[in-house]
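Asks: Here's a structure for you.
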Amino acid sequence: MARAGRRRFGFGRSVGVRFAAVYALVFGLSSAGLATFLWWDTVGLLQRQVESAINVDARSLAARFQAGGLPLLIATINRRIALNVDDSAIYLVVDPSYQPVAGNLRGWPKVVARLGVWYQVPVKRAQIVSLAEMRGYQLPLGFRLLIGRDVEARARLRALVAGGLLWAVLVMVVLGIAGALAIRGLLQRALANVSRTANAIAGGDLSHRVALSGRGDEFDLLAETINDMLDRMSRLMDGVRQVSNAIAHDLRTPITRARARLEDALSHAEGDAALRAAIERATEDLDAINAIFQALLRISEIEAGARRAAFAAVELRPLLADLHELFTAAAEERGLALDLLQEDPAEAPTLLGDRELLQQALANLLDNALKFSPPGGRITLSVRRQGTMVEITVADQGPGIPPAERFRATERFYRAESARHTPGSGLGLSLVQAVAQLHGGSLRLEDNEPGLAATLALPAREPRPAPPAPLPAALPASAA
Amino acid sequence: MRLLLVEDDKDVAGFVLKGLREAGHVAEHADNGRDGLFLAASEPFDAIILDRMLPGGIDGLRLLETLRAQDNHTPVLFLSALGQVDDRVKGLKAGGDDYLTKPFAFSELLARVEALGRRGKGEGPLTRLVVGDLELDLLSRAVKRAGQKIDLQPREFRLLEYLMRHAGQVVTRTMLLEGVWDYHFDPQTNVIDVHVSRLRQKIDKPYPTGLIHTVRNAGYMLRAEGS
């Protein structure tokens with residue numbers, strides 16, 4: 001699969017190749033810059049030195065000619081030739097008909113056609129041909145002066161430098177390509193690691209993780225992020241699997257019961273009445289299964305968060321009073337007291353939410369409290385502000401939930417050991433939790449010593465900013 | 001009552017039709033949206049039981065919207081497997097009068113349809129409800145039985161009012177929870193039974209004959225002896 005994947009990206013579309021190309025380009029450009037500077041600094045400098053020496057010579061010889069005429073010029077040239085130890089200076093003075101008058105060159109080179117222009121001319125002196133840089137100058141009375149320097153040594157140096165630079169460029173190109181390949185390889189190796197893991201997971205092996213190099217570099221960071229994501233995903237998957245197992249198990253039990261009843265009635269029921277009774281009870285079992293389905297669907301509906309669109313301001317005081325009123329009768333019938341405590345009667349806690357879901361969540365908590373309270377017990381339904389939150393607590397004096405099991409109590413189908421034999425689906429607290437989370441709040445289960453205190457903490461809707469100061473005329477009305 | 005059932009599932013339709021006819025109603029049936037719309041628009045019915053997902057290009061919502069657009073106000077009860085809160089809200093917004101989720105108990109369906117059919121016969125605003133020797137005055141909020149004043153809590157009053165408005169009909173616990181408390185969920189605890197039994201203590205206990213009857217597997221019915 002990895003190979004197929006690599007083939008799918010053409011050579012030009014590979015990130016590795018692109019990175020490598022950029023690397024080679026940057027490397028090549030900086031190398032070229034370096035070579036240019038070297039060339040200018042060595043060969044260029046020599047060239048400029050020669051040219052300036054010739055110019056200086058020309059100016060001083062012209063001055064001589066003006067001061068002492070041709071004889072002084074010839075004498076000066078001869079002296080300079082004599083003083084020139086390494087025999088690199090070239091001078092030639094010709095008359096208007098190009099006949100040499102003085103100097104160490106036998107004739108005016110044909111190449112030097114124009115005056116005041118630089119020429120590089122091979123010259124033959126003492127049987128040795130060498131390269132010379134020269135320039136012609138006009139003298140008064142039609143005489144011409146040619147000044148040059150033997151640059152054979154400099155030409156050799158230039159060739160040397162050029163050769164060196166050429167080699168250097170070659171080495172740089174090789175280095176650039178090697179570096180680019182190395183970068184590409186590095187990238188591909190790092191990515192192959194990730195893609196191997198992704199392929200393994202796509203293939204169903206969820207335990208696979210991206211290997212860490214241990215260097216703590218960017219790729220390790222990426223690998224860790226990916227691994228964290230995979231861990232979270234597999235935890236979620238475990239959750240889903242647990243839920244589906246639980247569904248399978250918890251639905252199978254009542255289905256088994258209903259089936260057994262029907263089959264038993266089919267083969268053993270004596271008379272119409274017995275048959276009817278069996279069918280009736282089987283129908284009740286089916287209703288119970290349906291109720292479990294409803295609750296599960298409701299929880300997923302809530303968890304999906306779609307209900308948030310229907311949020312509106314909910315006043316808690318009447319909502320709690322209604323629930324209290326609804327459940328008080330049932331509580332009293334069981335010999336229980338149900339108290340409604342509102343800490344500060346002046347305060348009317350309001351929140352933004354789904355009235356129906358809040359009612360259902362609190363009804364679930366009250367259902368539980370009623371179910372688990374011992375006769376004579378006291379249940380309190382209370383509400384108070386806690387910072388930015390409104391906390392609604394339902395506290396009973398029943399067996400409670402052991403601390404070690406509290407965090408599991410909101411899992412779907414969880415039943416406390418002590419609750420095994422009370423009716424219920426184990427979905428009540430899951431729904432309360434889902435409702436709390438939908439509202440951006442939380443469900444807290446605490447010890448009521450004895451009993452359970454279930455607290456629904458929900459973000460309060462901040463009271464509207466104080467209205468502008470009332471007009472004096474309005475005061476008597478509001479006081480009335 | 002004359003009822004129309006629009007439902008494509010043969011088994012469910014057969015079961016519902018049989019039950020409705022046994023209860024003494026005249027029931028027509030359509031198994032797709034097009035026929036359902038034709039019947040509903042061309043004949044008078046006391047109530048319509050409407051499935052939401054129907055074959056034939058016209059689903060339940062479309063059917064109802066078309067009907068309402070023709071100024072037909074026959075009460076409609078949705079009977080649907082779509083049971084999310086949003087589905088119910090959508091159904092009621094489209095002009096439905098009640099919503100029952102599948103699977104359902106026939107007794108619940110019958111009770112709700114009968115309540116709807118009765119409501120359809122608008123008798124103008126009532127100020128006084130009378131069942132046997134029980135009187136309830138909606139204006140003074142006074143309740144009397146056999147001429148004796150009975151003191152009721154506000155919620156008990158509303159519970160009795162609901163039962164009296166549906167006198168002679170079965171009223172289920174869910175209907176009471178929705179109609180009296182405006183709660184749309186089923187508490188696990190028998191909260192409704194306790195409230196009804198308290199009301200009974202005040203309305204029936206001191207008198208020789210009971211008016212509030214328990215209907216097995218269904219709910220309650222307020223009915224005067226012999227009526």
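The values are calculated or read from the model by the stated rules, or taken from the named source; none is laboratory data. For clarity, every value in this text was computed on a predicted model and none was experimentally measured. Don't worry about glycine lacking a Cβ; one is built from the backbone with ideal geometry, like all the others, and counts go over all protein chains shown.
Asks: Can you name the residue in the stretch A:312-333 that is facing chain B (nearest Cβ under 9 Å) and of a type in the set (D, E, K, R) and, of all such residues, is nearest to residue B:193 (Cα to Cα)?
Replies: Ranking the candidates gives A:333 first.
Asks: I've got another one for you. I need the strands (runs of 3 or more DSSP E) fully contained in the stretch B:132-221, keeping only those with at least 1 residues that are more than 14 Å from chain A (Cβ to nearest Cβ) and within 21 Å of residue B:119 (Cα to Cα).
Replies: On the way: elements: B:134-137, B:142-145, B:148-150, B:212-215.
Here the list reads B:134-137, B:212-215.
Asks: Moving on. Could you please find all residues in the stretch B:23-59 being part of a strand (DSSP E or B) and either touching a His at 6+ places or on another chain (Cβ under 6 Å) or of a type outside the set (Asp, Glu) (or both)? Show your work before the answer.
Replies: Residues of the stretch B:23-59 part of a strand (DSSP E or B): B:26-30, B:47-51.
Within the stretch B:23-59, B:26, B:27, B:29, B:30, B:47, B:48, B:49, B:50 meet the criteria.
Asks: Examine the stretch A:280-291 for a residue that is among the acidic types (Asp, Glu) and either buried (at least 17 other Cβ atoms within 10 Å of the Cβ) or away from chain B (no Cβ under 14 Å) (or both), and state whether such a residue exists.
Replies: Of all residues in the stretch A:280-291, those among the acidic types (Asp, Glu) come to A:280, A:284-285, A:287.
Pick out the ones that are also either buried (at least 17 other Cβ atoms within 10 Å of the Cβ) or away from chain B (no Cβ under 14 Å) (or both) and you get A:285.
Among the residues of the stretch A:280-291, at least one is among the acidic types (Asp, Glu) and either buried (at least 17 other Cβ atoms within 10 Å of the Cβ) or away from chain B (no Cβ under 14 Å) (or both), which makes the answer yes.
Asks: I've got another one for you. Output the number of residues of the stretch A:368-395 satisfying the condition of being part of a helix (DSSP H, G or I) and either more than 12 Å from residue A:432 (Cα to Cα) or more than 14 Å from chain B (Cβ to nearest Cβ) (or both).
Replies: Start the filter on the stretch A:368-395 by keeping residues that are part of a helix (DSSP H, G or I), which leaves A:368-372.
Going one step further and asking which of them are either more than 12 Å from residue A:432 (Cα to Cα) or more than 14 Å from chain B (Cβ to nearest Cβ) (or both), we end up with A:369-372.
Residues meeting the conditions: 4.
Asks: Would you point out which residue out of B:73, B:29 is out of contact with any Cys (no Cβ under 9 Å at 6 or more places or on another chain), surrounded by 17 or more Cβ atoms within 10 Å (Cβ to Cβ) and not basic (Lys, Arg)?
Replies: Working: B:73 fails: surrounded by 17 or more Cβ atoms within 10 Å (Cβ to Cβ).
Answer to the check: B:29.
Asks: Here's something else I'd like to know. Scan the stretch B:94-119 residue by residue and report those that are basic (Lys, Arg) and either in a loop (DSSP other than H, G, I, E, B) or within 11 Å of chain A (Cβ to nearest Cβ) (or both). Lay out the reasoning, then the answer.
Replies: Quick first cut of the stretch B:94-119, residues basic (Lys, Arg) only: B:102, B:112, B:118-119.
Result: B:102, single match.
Asks: So which residues in the stretch B:67-93 are part of a loop (DSSP other than H, G, I, E, B) and either within 18 Å of the chain's Cα centre (by Cα) or at pLDDT below 90 (or both), if there are any at all?
Replies: We begin by selecting, within the stretch B:67-93, every residue part of a loop (DSSP other than H, G, I, E, B); these are B:70-75, B:81-84.
Passing the criteria: B:73, B:74, B:75, B:81, B:82, B:83, B:84.
Asks: Please find, among A:412, A:408, the residue that is among the charged types (D, E, K, R), under 21 Å from residue A:450 (Cβ atoms) and away from chain B (no Cβ under 14 Å).
Replies: Numbers: A:412 fails: under 21 Å from residue A:450 (Cβ atoms).
Matching residue, one of A:412, A:408: A:408.
Asks: Something else about it: Checking residue A:313 against (1) farther than 20 Å from residue A:413 by Cβ; (2) part of a helix (DSSP H, G or I): exactly one of these is not met. Which one?
Replies: (2)
Asks: Can we say residue A:235 is in contact with a Leu (Cβ under 9 Å, 6 or more places away or on another chain) and either basic (Lys, Arg) or on the phi > 0 side of the Ramachandran plot (or both)?
Replies: Working: in contact with a Leu (Cβ under 9 Å, 6 or more places away or on another chain): no; either basic (Lys, Arg) or on the phi > 0 side of the Ramachandran plot (or both): yes.
In short, no.
Asks: Within the stretch A:220-232, identify whether any single residue is in a helix (DSSP H, G or I), over 23 Å from the mean Cα position of the chain (by Cα), surrounded by 15 or more Cβ atoms within 10 Å (Cβ to Cβ) and hydrophobic (A, V, I, L, M, F, W, C), and answer yes or no.
Replies: Residues of the stretch A:220-232 that are in a helix (DSSP H, G or I), as a first pass: A:220-232.
Pick out the ones that are also over 23 Å from the mean Cα position of the chain (by Cα) and you get none.
Scanning the stretch A:220-232, I find no residue that is in a helix (DSSP H, G or I), over 23 Å from the mean Cα position of the chain (by Cα), surrounded by 15 or more Cβ atoms within 10 Å (Cβ to Cβ) and hydrophobic (A, V, I, L, M, F, W, C), so the answer is no.
Asks: Still on this structure, I have one more. Take the residues of the stretch A:383-418 that are of a type in the set (S, T, N, Q) and under 46 Å from the mean Cα position of the chain (by Cα): which is modelled with the lowest pLDDT? So that I can check it myself, show each step before the final result.
Replies: Filtering the stretch A:383-418 down to residues of a type in the set (S, T, N, Q) leaves A:386, A:388, A:393, A:397, A:410, A:418.
Checking the rest, the ones that are also under 46 Å from the mean Cα position of the chain (by Cα) come to A:386, A:388, A:393, A:410.
On the way: A:386: 84, A:388: 87, A:393: 93, A:410: 79.
Checking each candidate, the answer is A:410.
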